[in-house]
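**Student:** Quick one: structure below, then a few questions.
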Amino acid sequence: MGTVSTKPAVGFVYDDRYLQHNPGLQTAWGSGRQVPFVEPTMHPSNYRLVMRTKHLVDMTGLSKDLTQIAAYPAQESDITVYHTPEYVERVKQICAEGGGDTGEGAPASPDSYDIALLAAGGGMAAVDAVVEGRVRRAFANVRPPGHHAMSDKGMGFCIFNNVVVAARHAQNRHGLKRVLVLDWDVHDGNGTQDAFYDDPNVLFFSLHQDQLYPPGFGEIAQTGSGAGEGFTVNVALPPGSGDATYMAAFEQIIRPIADEFKPEIVLVSAGQDASTMDPLGRMCLTTEAYRRMTQAMIDIAEQHANGRLVILQEGGYSELYGPYCTLAIVETLAEQRMNADEPLALDGLKNQPQYSTVGESGEAAIARIRDTQKAYWKFLS
């Protein structure tokens with residue numbers, strides 16, 4: 001008799017059409033003019049992170065143990081659970097006319113409207129598979145990203161807010177009530193915060209570098225409004241925090257609040273731009289941090305949500321290191337370690353103080369977050 005595997009069924013969403021979204025070349029921030037080099041530079045949010053991640057997962061042999069989940073395009077009615085119909089129509093028109101900026105730094109190409117619908121639908125397909133029991137956990141390797149997109153405009157490379165659409169799909173299509181969304185992208189998830197700011201049924205954590213992007217969002221004092229007061233938790237940490245401070249934030253803030261909230265499904269906006277090699281962040285995380293954060297979210301989902309966990313790709317701009325961080329996430333979901341040679345030696349990174357030590361500024365930030373949130377969560381008192 002053959003051996004019966006005890007490893008969980010893990011879903012993986014990917015579609016080659018995601019590569020067709022083309023944000024163009026790198027431009028000078030604010031002016032939109034091309035940077036003045038003879039050899040142009042690709043836009044930071046180009047196709048290579050998602051493509052190279054898929055390639056790496058395939059090359060390690062992990063793909064054969066994953067359940068491939070087909071993405072489907074979201075309908076306009078799915079998108080307008082958050083985005084205004086006028087904005088959706090404007091994106092459609094911009095793409096039909098050849099492309100352009102959909103708001104503030106969220107460029108689109110002729111194919112981008114359809115691909116953005118497919119990205120949102122990829123998150124929905126992952127939710128379907130997890131809730132219906134076809135897989136226990138899932139990773140959606142989608143683009144364009146979504147967490148900066150506001151109801152009426154694109155922002156920060158994001159056109160439609162994929163995780164907001166996925167959360168509302170879990171509620172409206174599958175009848176789940178309490179949704180936990182954790183955003184560990186190095187930039188604050190401002191669009192997601194805006195979508196759920198007054199909603200007590202969605203607990204939103206944004207774990208990000210303090211005062212990075214965008215201005216006016218992600219402040220520790222921003223905790224929600226109305227019935228949603230206390231259900232937005234901005235875990236804004238100082239630059240250079242590293243693995244130790246991130247894990248302290250999980251242990252002292254995220255896990256206690258999640259245990260009190262008791263979600264029915266867990267969603268993660270996974271930007272790997274807090275990594276030690278990322279050009280757009282300064283948080284110095286190793287691949288080991290992404291393993292530990294993923295395991296923490298698995299533990300929350302297993303304890304409270306019947307294991308239902310969906311992780312959606314957001315940012316990440318190191319073409320060399322970012323895919324290895326994402327591989328670490330998928331490996332942890334699948335309870336496997338493929339022993340891929342990493343571009344940075346983890347043993348060397350472990351010698352850096354931020355790997356094992358919470359600095360004074362990190363301790364102060366965590367204390368301030370706890371002081372702010374203990375008014376809403378008894379486990380922090």
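The values are calculated or read from the model by the stated rules, or taken from the named source; none is laboratory data. None of these values were measured; they are calculated from a predicted model. As a convention, Cβ positions derive from the backbone with ideal geometry for all residues, glycine included, and neighbour counts pool all protein chains shown.
**Student:** Given the residues Ala248, Ala244, Ala270, which is the only one that is surrounded by fewer than 20 Cβ atoms within 10 Å (Cβ to Cβ), in contact with a Phe, Trp or Tyr (Cβ under 9 Å, 6 or more places away or on another chain) and of a type in the set (A, V, I, L, M, F, W, C)?
**Tutor:** Residue meeting the stated conditions: Ala244.
**Student:** State all residues of the stretch 41-57 that are surrounded by 13 or more Cβ atoms within 10 Å (Cβ to Cβ) and without any contact (Cβ under 8 Å) to a residue 40 or more places away in the chain; if no residue qualifies, say none.
**Tutor:** Met42, Asn46, Met51, listed by residue number.
**Student:** In the stretch 344-359, how many residues are in a loop (DSSP other than H, G, I, E, B), modelled with pLDDT under 90 and surrounded by 12 or more Cβ atoms within 10 Å (Cβ to Cβ)?
**Tutor:** 2
**Student:** Same structure, new question: Starting from residues that are assigned to a loop (DSSP other than H, G, I, E, B) and among the charged types (D, E, K, R), keep the ones in the stretch 297-342 and report whichever is nearest to Leu118 (Cα to Cα).
**Tutor:** Glu314
**Student:** For the stretch 188-230, which positions are in contact (Cβ under 8 Å) with a residue 40 or more places away in the chain and either among the acidic types (Asp, Glu) or part of a loop (DSSP other than H, G, I, E, B) (or both)?
**Tutor:** Within the stretch 188-230, Asp188, Gly189, Asp194, Asp210, Leu212, Tyr213, Pro214, Ile220, Ala221, Thr223, Glu229, Gly230 qualify.
**Student:** Filter the stretch 158-187 for residues that are in a helix (DSSP H, G or I) and either among the charged types (D, E, K, R) or touching a Phe, Trp or Tyr at 6+ places or on another chain (Cβ under 9 Å) (or both) and give the result.
**Tutor:** Val164, Val165, Ala167, Arg168
**Student:** So which of Pro239, Pro263 is under 22 Å from Phe139 (Cα atoms), at pLDDT 95 or above, in a loop (DSSP other than H, G, I, E, B) and not aromatic (Phe, Trp, Tyr)?
**Tutor:** Answer to the check: Pro263.
**Student:** Give me the residue from the stretch 94-112 that is free of Cβ contacts under 8 Å to residues at least 40 places away in the same chain and touching a helix residue (DSSP H, G or I) at 6+ places or on another chain (Cβ under 6 Å) and, out of that set, surrounded by the most Cβ atoms within 10 Å (Cβ to Cβ).
**Tutor:** Per the criteria, the residue is Cys95.
**Student:** Here's something else I'd like to know. Please indicate, with yes or no, whether at least one residue in the stretch 294-302 is crowded, with 19+ Cβ neighbours inside 10 Å, free of Cβ contacts under 8 Å to residues at least 40 places away in the same chain and among the β-branched types (Val, Ile, Thr).
**Tutor:** yes
**Student:** Please enumerate the residues belonging to the stretch 200-217 that are surrounded by fewer than 22 Cβ atoms within 10 Å (Cβ to Cβ) and polar (S, T, N, Q).
**Tutor:** Within the stretch 200-217, Asn201, Gln211 qualify.
**Student:** List, please: which pairs have Cβ atoms under 6 Å, are six or more places apart or on different chains, and start with a residue in the stretch 325-337 that is within 13 Å of Met297 (Cα to Cα) and end with one that is polar (S, T, N, Q) and in a helix (DSSP H, G or I)?
**Tutor:** Close Cβ pairs (under 6 Å, with a partner that is polar (S, T, N, Q) and in a helix (DSSP H, G or I)) amount to Ile329/Thr294; Thr332/Thr294; Thr332/Gln295.
**Student:** Has the stretch 256-272 got at least one residue that is free of Cβ contacts under 8 Å to residues at least 60 places away in the same chain and either under 23 Å from Ala375 (Cα atoms) or charged (D, E, K, R) (or both)?
**Tutor:** Among the residues of the stretch 256-272, not one is free of Cβ contacts under 8 Å to residues at least 60 places away in the same chain and either under 23 Å from Ala375 (Cα atoms) or charged (D, E, K, R) (or both), which makes the answer no.
**Student:** For the stretch 142-190, which residues satisfy the criterion of being of a type in the set (S, T, N, Q) and surrounded by 24 or more Cβ atoms within 10 Å (Cβ to Cβ)?
**Tutor:** Residues satisfying the conditions are Asn161, Asn162, Asn190.
**Student:** In addition: Please specify each residue of the stretch 28-68 satisfying the condition of being hydrophobic (A, V, I, L, M, F, W, C) and outside any loop (DSSP other than H, G, I, E, B). Spell out how you get there, then give the answer.
**Tutor:** Just the residues of the stretch 28-68 that are hydrophobic (A, V, I, L, M, F, W, C), to begin with: 28-29, 35, 37-38, 42, 49-51, 56-57, 59, 62, 66.
Listed by number, the residues that qualify are Met42, Leu49, Val50, Met51, Leu56, Val57, Met59, Leu62.
**Student:** Could you identify the single residue in Thr245, Thr232, Thr276 that is under 13 Å from Ser206 (Cα atoms) and hydroxyl-bearing (Ser, Thr, Tyr)?
**Tutor:** The unique qualifying residue is Thr232.
**Student:** Take the stretch 94-121 and flag every residue that is under 20 Å from the mean Cα position of the chain (by Cα) and part of a helix (DSSP H, G or I).
**Tutor:** Within the stretch 94-121, Ser112, Ile115, Ala116, Leu117, Leu118, Ala119, Ala120, Gly121 meet the criteria.
**Student:** Within the stretch 266-290, restricting attention to residues that are closer than 21 Å to Met51 by Cα and assigned to a helix (DSSP H, G or I), which residue is farthest from the chain's Cα centre (by Cα)?
**Tutor:** Thr287
**Student:** Just checking, how many residues over the stretch 206-229 are touching an Asp or Glu at 6+ places or on another chain (Cβ under 7 Å) and closer than 14 Å to Tyr376 by Cα?
**Tutor:** 6
**Student:** Please go through the stretch 69-93 and pick out each residue that is buried (at least 23 other Cβ atoms within 10 Å of the Cβ) and either in a helix (DSSP H, G or I) or basic (Lys, Arg) (or both).
**Tutor:** Ile79, Val91 - these are the residues of the stretch 69-93 that are buried (at least 23 other Cβ atoms within 10 Å of the Cβ) and either in a helix (DSSP H, G or I) or basic (Lys, Arg) (or both).
**Student:** Considering the stretch 273-283 alone, what residues qualify as being farther than 22 Å from Val310 by Cα, touching a strand residue (DSSP E or B) at 6+ places or on another chain (Cβ under 8 Å), crowded, with 20+ Cβ neighbours inside 10 Å and not hydroxyl-bearing (Ser, Thr, Tyr)?
**Tutor:** Gly281, Met283
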